[in-house]
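Nothing in this text is a laboratory measurement; each read-out follows from the coordinates by a stated rule. Please read these numbers as outputs of a predicted model, since none were measured by experiment. All Cβ positions, glycine included, derive from the backbone under ideal geometry; neighbour counts span all protein chains shown.
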Amino acid sequence: MQGTLLYMNFVIKILITAVNAFALAYLLPGIHIRDFLTAIIVAFVLALLDAVVKPVLILFTLPATIFTLGLFLFVINAIIILMDAYFVGGFEIDPPKFWYALLFSILLSIVNSVVHKMVLKGDRKKTDY
């Protein structure tokens, strides 16, 4: 039962990210996602890159992250978005690519955190101390 719940939460998070990415691509002039199926693929590849590549990038750039008091993590997020656009056909970022990727990553993080809290708020177990 617990495994099924984790799987469903993962699918819900992928779908939420896909909807948010698709909406942001519609609103931002430099980001283009061909269709909703592409947005789902973008969200899935983004989850894979966040799980595998992002920790390695954070580890290798730890001195820069510490020196900039964590602001370099925005650059890492933009690099992850650029890698996602490289791997997924139908997800394009217009030049200047880095700045659009940076804006897209910041807005996607904000919108995802708000929507995830609204949708998945009942799934967390509350502990009274």
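As a proxy for reagent exposure, ranking 50, 84, 94 by other Cβ atoms within 10 Å from fewest up yields 94, 50, 84. Between the alpha-carbon centres of segment 72-115 and segment 1-54 there is a gap of 12 Å. Packing around the peptides 60-68, 105-113, 74-82, 38-46, taken as the average count of other Cβ atoms within 10 Å per residue, puts them in this order, highest first: 38-46, 74-82, 105-113, 60-68.
The number of Lys pairs in the chain with C-alpha atoms less than 21 Å apart, excluding pairs fewer than 8 positions apart on the same chain, is 8.
Determine the calculated [θ] at 222 nm for the chain from helices alone, applying -39500 (n - 2.57) to every DSSP H run no shorter than 4 residues and normalising by the residue count; nearest 500 deg cm²/dmol.
It lands at -25500 deg cm²/dmol.
For the chain, hydrophobic long helices are taken as DSSP H runs at least 15 Å long by C-alpha position along their axis with mean Kyte-Doolittle hydropathy of 1.6 or more; these are 36-60, 72-87.
Counting charges near residue 21 (Lys, Arg +1; Asp, Glu -1) among other residues having Cβ under 15 Å from its Cβ returns a value of -2.
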